[in-house]
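What follows is a short report on a single structure.
The values are calculated or read from the model by the stated rules, or taken from the named source; none is laboratory data. Worth saying up front: this structure is predicted, and the values here are computed from it rather than measured. Neighbour counts are summed over all protein chains in view; Cβ atoms, including those assigned to glycine, are modelled from backbone coordinates with ideal geometry.
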Amino acid sequence: MIKTITDKIDIAIIGAGPAGIACAIAAVKKKYRVRLVDKGNVADAIIRFPTQMIFFSTADLLELASVPFTSQNIRPTRLETVKYYHSLIRMFHIPVLLSTRVVQINKKSSCFEIHYHGKKQDQRMESRYVILATGFYDQPNTLNVPGEDRPSVSHYYKEPLAYFNQQVVVVGGGNSAVEAALELYRHGCRVTLVHRGTDIRESVKYWIKPDIQNRIKEKSIPAYFHTRVEKITDEGVMINQNGSKLILPADAVFIMTGFHPDESNYRMCQVNYDPVTLEPVCNHETLESDVPGLYLAGSVVAGRNTNKIFIENGREHGEIILADIQKKIKK
């Protein structure tokens, strides 16, 4: 049963990643009543990145609200980045509801009614505007092959220590797959890389690409290109390379093939979207969706094209959205 506890605010922001935080800061600075809601924690997706991950971007490109981000290196680590975003929540006194899942959003005549499930009970609040900044890291691109749901298979890579001296198959040819394969190899794992493309992707970080190419060339990391996974069994990973089938022994399998937005968030908000690209209907000048008063921020704007919007340009969305909200309020 939904409780009648009601919180009346100006702007509800769903998703506490960098784009959501940028929106919250822009709103707080303009004295709006805000709630930042996340089903996990602040910067939850970054928390779940590989432990030793180093960002491609320099620290200044990850800054929000012109607050300096200092790092010991040119490119910050995952830990430094999470701590920086945590500090922004404290600095701007942003009200946050964490471990809180929004389950329903109803558009009313003058506001949105938002139903959410917190740590203790179901509640609801009313907000004049809603910003959806949910990202895409919760929905991995699956291979849709038999055995993909086995306990030995994961779409997320954290660290290599548990796989010492084991046979590990990494599927993918982008940054995530390459970095996982190299780290596993350097921690005593017997790694094989499988990729459906003809080579490592051009987008792989320029300081990492020669490393993986050399490891493949010297056969320290065997690689199968133009190859598809057909199924995963007790015996290992069955692959098909140009019609030739082979089973790769595997104690663990990491499928690092990217992610996509959660369609259920669009449906919950009644936002229309392209079923193929998963790109929501949106005014790209104001970032307002086809639901009046409901805005989109961060990578969710681009649907499956997750290489279009990063922290570097998604951080600008807060100012764009708040400028439009201010116009509406002044009318």
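For the reader, a short list of remarks on this structure follows.
- For segment 66-118, filtered to residues that are among the charged types (D, E, K, R) and in contact with a strand residue (DSSP E or B) (Cβ under 9 Å, 6 or more places away or on another chain), the residue that is surrounded by the fewest Cβ atoms within 10 Å (Cβ to Cβ) is Lys108.
- Filtering segment 124-133 for residues that are in contact with a strand residue (DSSP E or B) (Cβ under 7 Å, 6 or more places away or on another chain), of a type in the set (Ser, Thr, Tyr) and assigned by TED's automatic domain parsing to the domain that holds Gly298 leaves a non-empty set.
- Evaluated against (1) surrounded by fewer than 17 Cβ atoms within 10 Å (Cβ to Cβ); (2) within 19 Å of Val191 (Cα to Cα), Met256 falls short on exactly one condition, (1).
- Only one of the numbered conditions (1) surrounded by fewer than 17 Cβ atoms within 10 Å (Cβ to Cβ); (2) under 23 Å from the mean Cα position of the chain (by Cα) is violated by Phe136, and that is (1).
- In the set (1) part of a loop (DSSP other than H, G, I, E, B); (2) at negative phi, the condition left unmet by Arg128 is number (1).
- Subset of segment 303-319 that is at pLDDT 95 or above and either in contact with a strand residue (DSSP E or B) (Cβ under 9 Å, 6 or more places away or on another chain) or hydroxyl-bearing (Ser, Thr, Tyr) (or both) - its residue that is surrounded by the most Cβ atoms within 10 Å (Cβ to Cβ): Gly318
- Pick from segment 283-297, criterion surrounded by 13 or more Cβ atoms within 10 Å (Cβ to Cβ) and free of Cβ contacts under 8 Å to residues at least 60 places away in the same chain, ranking: nearest to Asn106 (Cα to Cα): Asp290
- Among the residues listed as Met268, Met256, the single one being in contact with a strand residue (DSSP E or B) (Cβ under 8 Å, 6 or more places away or on another chain) and at pLDDT below 95: Met268
- Residue check, Gln123 polar (S, T, N, Q), over 23 Å from Pro261 (Cα atoms) and assigned to a loop (DSSP other than H, G, I, E, B): no
- Condition broken by Arg75, with the remaining ones in (1) in a loop (DSSP other than H, G, I, E, B); (2) modelled with pLDDT of 95 or more satisfied: (2)
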